[in-house]
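Take a look at the structure below.
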Amino acid sequence: MKKIIALLLLGFVSLTACSVKDKSPAETGNSEETPQEEPAETPQENPEVILNFEESLKTANDPLVVKTSMDAIMTTGSKETHDAVLSAYLRYLRTYQFMGMTPYREEISKLQPFFDEDTQNLTGESITDASLKDFYNRFTEMGYKFIQLEGSVEPVINFRFVENYTTHISAEMIDYGKFKSLDSDQLWVTDGGIVISIEELGERIAAAETFLKTYPDSKQKSDVLRDLENYLHGYFGGLDNTPVAVTDGYEPMHHF
């Protein structure tokens, strides 16, 4: 009888031990909790870095120096910070395009003979003069490209430049670069006339609307809206050299 009781007690102890083992610390009365791994914090926008970078642009006179500073920022921090400095750099390129190119006008004009007659594109490989090729490479590294516009050579921002930073920036900034590249790849208007098909102009309107719908709070919203307004004006109202209203209805006329 004693042997039977001993076996029953041994089984009860074993069963109790298993139950305690399977319970959480709170259930067993043990106040000591299992340490939980803290979730990694998502890097946020760094206002100080952005402010310092934007302040440096006020006195900067060489986009390559500015780009070097931007590239250094791209190695650390968050995508939000990277978006902000890249956006500031693109605005700086825009200002420099109109305010800083005067000393280089003579060199820029020398590029004209090297444009391809069929495509009207210019590549570094086509430039035979070594010093002129260095000049071209310097400006393309900054983020510019050269086009022929109304009989002269002009620098414009090459928004394909944004693709160099796809691993450092947000999807929103990547999509902004893609949208802006539509016009830097092929201007939609020159000399007061629409130089792309009305179908392609409609596609650009759709691209702008898609961006605004996808990123309704985008910091690039005002710029995309401005492009959209221009596209809509040309699409529905035409331009001086591309009228759309004729006596028998709506008939876009393309200017080439």
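The values are calculated or read from the model by the stated rules, or taken from the named source; none is laboratory data. Just so we're clear, the structure is a prediction, and the values are computed from it rather than from any experiment. Cβ coordinates were reconstructed from backbone atoms using ideal geometry, including for glycine residues, and neighbour counts include every protein chain displayed. Protein only, heavy atoms only, side chains kept; ligands, DNA and RNA dropped before computing areas. Shrake-Rupley method; radii C 1.70, N 1.55, O 1.52, S 1.80 Å.
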- Compute the distance in nm between two label points, each set 7 Å from the Cα along the Cα-to-Cβ direction, one at T214 and one at Q44. 2.7 nm
- The simple spin-label model distance between Q97 and H233, using points 7 Å out along Cα→Cβ, in nm, is 1.6 nm
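Give the carbon-plus-sulfur fraction of the accessible surface of the range 55-197 in %, rounded to a whole number; probe 1.4 Å, heavy atoms of protein chains only.
Values: 3600 of 7250 Å².
Accessible surface attributable to carbon and sulfur in the range 55-197 totals 50 percent.
State the extension gain, in nm to one decimal, for the chain segment bounded by L64 and T128, taking 0.36 nm per residue of separation less the distance between their alpha-carbons.
Working: separation 64, 0.36 × 64 = 23.04 nm, distance 2.36 nm.
Separation in residues times 0.36 nm, less the Cα-Cα distance, equals 20.7 nm.
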- Heads up, the range 76-197 by the C-alpha gyration tensor (a ≥ b ≥ c square roots of eigenvalues; a/c under 1.5 rounded, else a/b over b/c prolate, else oblate) looks prolate
- Message: Which of the three applies to the range 139-222, rounded, prolate or oblate, going by the alpha-carbon gyration tensor with a ≥ b ≥ c and a/c under 1.5 meaning rounded?
- Response: oblate
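Tell me, what is the FRET efficiency for E107 and S56 to the nearest 0.05, using R0 = 30 angstrom and their Cβ-Cβ distance as r? Each step should come with its number before you reach the end.
Working: r = 26 Å, r/R0 = 0.87.
After rounding to 0.05, the efficiency reads 0.70.
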- Item | Per residue accessible area in Å² of the range 47-155, where ligands, DNA and RNA are left out and the probe is 1.4 Å | 56 Å²
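Would you mind working out the accessible area per residue for the range 168-220, using a 1.4 Å probe, and quoting it in Å²? If you can, show how the numbers build up before the last one.
Numbers: 2450 Å² over 53 residues.
Result: 46 Å² per residue.
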- Item | Shape call, the range 75-133: gyration tensor on alpha carbons, a/c limit 1.5 | prolate
- Where a label projected 7 Å from the Cα of K221 along Cα→Cβ would reach, residues of the range 172-190 with amide N under 20 Å: 172-180
